[in-house]
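A quick write-up on the structure given underneath.
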Amino acid sequence: MSKYLLDKFLFTIDRDAELVERYRDDPAGTVAWWEETQANRLLNCIDAERSTWLAFEETERAALVAHDYPTLFELGAHPFLTLTLFIAMFERDHAEPLGFQLEYARRTAHVTMPYPDIAT
C-alpha cells in the first residue's frame, strides 16, 4: 500500500475544479486515467522526470472508485485531504449547513484513537 500515492491522488484532484467534477461524475475513468498518466509524474518537476513503479493496489483503487472515504482513511490517506476533496464533491448534495462534514464524521466515527498513521 502507498499512502503517498493515495495522498498524491487526493491532492492533485482537489487542486483542479475540472478534475473534481470529472472524479465525481466518472470515478472509475478518472482513477484509471490518473493512474496511467499522473501517478508516476513527479510533483513540481518537468514532465520528463518520471518514476515507473507507482500503482494503486486493488483495495486502494476500489476505494477511490467507490468514493469510499472511510476506507481511504482506514488505509492511511490523510484525513484533511479526503475531507477537502469530498467536501468539494458532495457538500452540494446536503441541504443542511455542514451536512457533508457531519456525514463524514458519522461514517468515520468507528475509527478510534490512535488514528491510522498519516505521516508521509
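Kindly provide the set of residues from the range 63-79 that are in a loop (DSSP other than H, G, I, E, B) and small (Gly, Ala, Ser), ordered by number.
Once the filter is applied, which keeps residues that are in a loop (DSSP other than H, G, I, E, B) and small (Gly, Ala, Ser), the range 63-79 yields Ala66, Gly76, Ala77.
Pick out the one residue from Ala66, Ala39, Ala55, Ala105 that is modelled with pLDDT under 90 and surrounded by fewer than 17 Cβ atoms within 10 Å (Cβ to Cβ).
Exactly one residue qualifies, and that residue is Ala55.
Identify, please: which residue in the range 64-95 is small (Gly, Ala, Ser) and closer than 15 Å to Lys8 by Cβ and is, among those, nearest to the chain's Cα centre (by Cα)?
Ala77
The values are calculated or read from the model by the stated rules, or taken from the named source; none is laboratory data. Quick caveat: nothing in here was measured; it's all calculated off a predicted structure. Neighbour counts are summed over all protein chains in view; Cβ atoms, including those assigned to glycine, are modelled from backbone coordinates with ideal geometry.
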